[in-house]
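S.K.: Below: one structure in structure tokens.
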Amino acid sequence: MAVLVTGGTGFVGSHLLKGLLADGHDVVVLKRSTSDLTRVRPLLGEPGLSFVDIDRDGIAGAFAGAPVEAAVHVATSYGRGGETLASILEANLIFPVELIELCVQHKVRAFVNTDSYFCKEKKSYSALPNYSLSKQNLLPWLKKFSDRIMLVNACLEHVYGAHDSPTKFCEDLIRKVALQRVDSHPLTHGHQKRDFVHVDDVVRAYVGIVRRAVEKESGYAEVNVGTGRSVEIRAFAETVKRLSGSPTDLRFGAIPYRDDEIMNSVADTRALSAMGVELGIGIEEGIADVLSRYGVSPTC
């Protein structure tokens, strides 16, 4: 199929491009002319991969080539860089609605939206309030279009992998503890539980979702993307320290919990399993993979 991807130059998106190409699809990436291509540079020139600059050709430019059969919307604005509320709403609400309208117009068979466990609590999470609220506001619009196209809301659990943004918890932890080996690293008590899912498993899930979604004429589905197992942040941090042989002192309790801290998030994997997708990268295997990609030999 021809699959349209937004956010393809980002962390999850760049891995998704590799997965879709490996699965035999042609991929059209909707980006900006100023987008950083560092993560996708090894893929440039790959047969079946093309880029459309939204600021030059508009969103409609993505539909100028071969008929698009599925779209995967990964692009997002977290608001971590001081973005205005208007720009966050534009990225997380207005843009995807415009894109879905064009997908319907061009008879695209399926649209897969990317959501986050931040939004499962049905409240504005104080760590990223504008992000979580804007994503929640998109859901009614997804359902509104579901009588004309197959809409899937893929809710990602706590994704991790090598070369993620340094503002993310896992990447920051791994850089400070395993790579920089700082003297100490402050953390909360670490009793929050997260369903840590390796980015390779996330890609496996997306590929399976796309395959099944295009079989439907229309409808709406919620799919949690995670392993179905949650572990304490404390255990994740201790595993990074142990596997890297780091001397860093993990200062649990140095940072207080937020008032609305999410204490346990775990994927309900029934919808994913019904699509024939099973995710199997465990915490130790996943962290060892990240360390290896950074040139750190994991110690058993």
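The values are calculated or read from the model by the stated rules, or taken from the named source; none is laboratory data. Since we're looking at a predicted model, the values are computed, not measured. Neighbour counts are summed over all protein chains in view; Cβ atoms, including those assigned to glycine, are modelled from backbone coordinates with ideal geometry. Surface accessibility is based on the protein's heavy atoms, side chains included, excluding ligands, DNA and RNA. Shrake-Rupley method; radii C 1.70, N 1.55, O 1.52, S 1.80 Å.
S.K.: If S77 satisfies all but one of (1) open to solvent by less than 60 Å² (accessible area, probe 1.4 Å); (2) without any contact (Cβ under 8 Å) to a residue 40 or more places away in the chain, what's the number of the condition it fails?
M.R.: (2)
S.K.: Quick check, is H185 assigned to a strand (DSSP E or B), of a type outside the set (G, A, S), within 30 Å of G253 (Cα to Cα) and at pLDDT 95 or above? Explain how you work it out, then say what you get.
M.R.: Numbers: assigned to a strand (DSSP E or B): yes; of a type outside the set (G, A, S): yes; within 30 Å of G253 (Cα to Cα): yes; at pLDDT 95 or above: yes.
So H185 passes the test.
S.K.: Hey, another quick one. Listed residues D36, D57, D53; which is more than 21 Å from the chain's Cα centre (by Cα) and closer than 18 Å to G10 by Cα? Write out each step before concluding.
M.R.: On the way: D36 fails: more than 21 Å from the chain's Cα centre (by Cα); D57 fails: closer than 18 Å to G10 by Cα.
Answer to the selection: D53.
S.K.: Within segment 146-173, can you find the residues that are open to solvent by 10 Å² or more (accessible area, probe 1.4 Å), farther than 22 Å from T227 by Cβ and not small (G, A, S)?
M.R.: Matches in segment 146-173: D147, R148, M150, P166, T167.
S.K.: So, in segment 105-126, of the ones that are over 25 Å from T269 (Cβ atoms) and either at pLDDT below 80 or under 18 Å from the mean Cα position of the chain (by Cα) (or both), which residue ends up surrounded by the most Cβ atoms within 10 Å (Cβ to Cβ)?
M.R.: Pass one, segment 105-126, residues over 25 Å from T269 (Cβ atoms): 105-108, 124, 126.
This time we only want the ones that are either at pLDDT below 80 or under 18 Å from the mean Cα position of the chain (by Cα) (or both), so: 124, 126.
Values: S124: 17, S126: 11.
Per the stated criteria, the residue is S124.
S.K.: Let me ask you something else. Out of (1) part of a strand (DSSP E or B); (2) touching a Lys or Arg at 6+ places or on another chain (Cβ under 6 Å); (3) within 28 Å of G295 (Cα to Cα), the odd one out for Y220 is which?
M.R.: (3)
S.K.: Tell me whether segment 148-169 contains one or more residues that are more than 18 Å from the chain's Cα centre (by Cα) and assigned to a loop (DSSP other than H, G, I, E, B). Can you show your working first?
M.R.: Taking segment 148-169 and keeping what is more than 18 Å from the chain's Cα centre (by Cα), we get 148-150.
Adding the requirement that they be assigned to a loop (DSSP other than H, G, I, E, B) leaves 148-149.
Yes: one or more hits.
S.K.: Filter segment 13-24 for residues that are open to solvent by 20 Å² or more (accessible area, probe 1.4 Å) and not small (G, A, S); which is nearest to V207 (Cα to Cα)?
M.R.: Among those that are open to solvent by 20 Å² or more (accessible area, probe 1.4 Å) and not small (G, A, S), it is D23.
S.K.: Considering every residue within segment 291-298, establish whether at least one is in contact (Cβ under 8 Å) with a residue 60 or more places away in the chain, within 21 Å of V12 (Cα to Cα), aromatic (F, W, Y) and open to solvent by 40 Å² or more (accessible area, probe 1.4 Å). Please lay out each step first, then the result.
M.R.: First pass over segment 291-298, keeping only residues in contact (Cβ under 8 Å) with a residue 60 or more places away in the chain: 291, 293-294, 296.
If we keep only those that are within 21 Å of V12 (Cα to Cα) as well, we get 291, 293-294.
So of that shortlist, the ones also aromatic (F, W, Y) come out as 294.
Next, only the ones that are open to solvent by 40 Å² or more (accessible area, probe 1.4 Å) stay: 294.
Yes, because at least one residue in segment 291-298 is in contact (Cβ under 8 Å) with a residue 60 or more places away in the chain, within 21 Å of V12 (Cα to Cα), aromatic (F, W, Y) and open to solvent by 40 Å² or more (accessible area, probe 1.4 Å).
S.K.: Let me ask something else. Of a type in the set (A, V, I, L, M), outside any loop (DSSP other than H, G, I, E, B) and within 19 Å of the chain's Cα centre (by Cα): which single residue out of V210, V240, V277 fits that description? Step through it out loud before you land on a result.
M.R.: Values: V240 fails: within 19 Å of the chain's Cα centre (by Cα); V277 fails: outside any loop (DSSP other than H, G, I, E, B).
Of V210, V240, V277, the one residue that is of a type in the set (A, V, I, L, M), outside any loop (DSSP other than H, G, I, E, B) and within 19 Å of the chain's Cα centre (by Cα) is V210.
S.K.: Anything in segment 243-281 that is without any contact (Cβ under 8 Å) to a residue 24 or more places away in the chain and open to solvent by less than 60 Å² (accessible area, probe 1.4 Å)? List them, or say none. Full working, then the answer.
M.R.: In the first step, residues of segment 243-281 are kept if they are without any contact (Cβ under 8 Å) to a residue 24 or more places away in the chain; the result is 270, 273-274, 278.
Hit for segment 243-281 is S273, nothing else.
S.K.: Quick one: in segment 65-74, which of the residues that are open to solvent by less than 20 Å² (accessible area, probe 1.4 Å) and not β-branched (V, I, T) is nearest to K31 (Cα to Cα)?
M.R.: Among residues in segment 65-74 that are open to solvent by less than 20 Å² (accessible area, probe 1.4 Å) and not β-branched (V, I, T), the one nearest to K31 (Cα to Cα) is H73.
S.K.: Quick check on my filter: what residues within segment 200-216 are open to solvent by 20 Å² or more (accessible area, probe 1.4 Å) and either farther than 13 Å from H25 by Cβ or modelled with pLDDT under 95 (or both)?
M.R.: If the condition is that a residue be open to solvent by 20 Å² or more (accessible area, probe 1.4 Å) and either farther than 13 Å from H25 by Cβ or modelled with pLDDT under 95 (or both), then D200, R204, R212, E215, K216 are the ones that fit.
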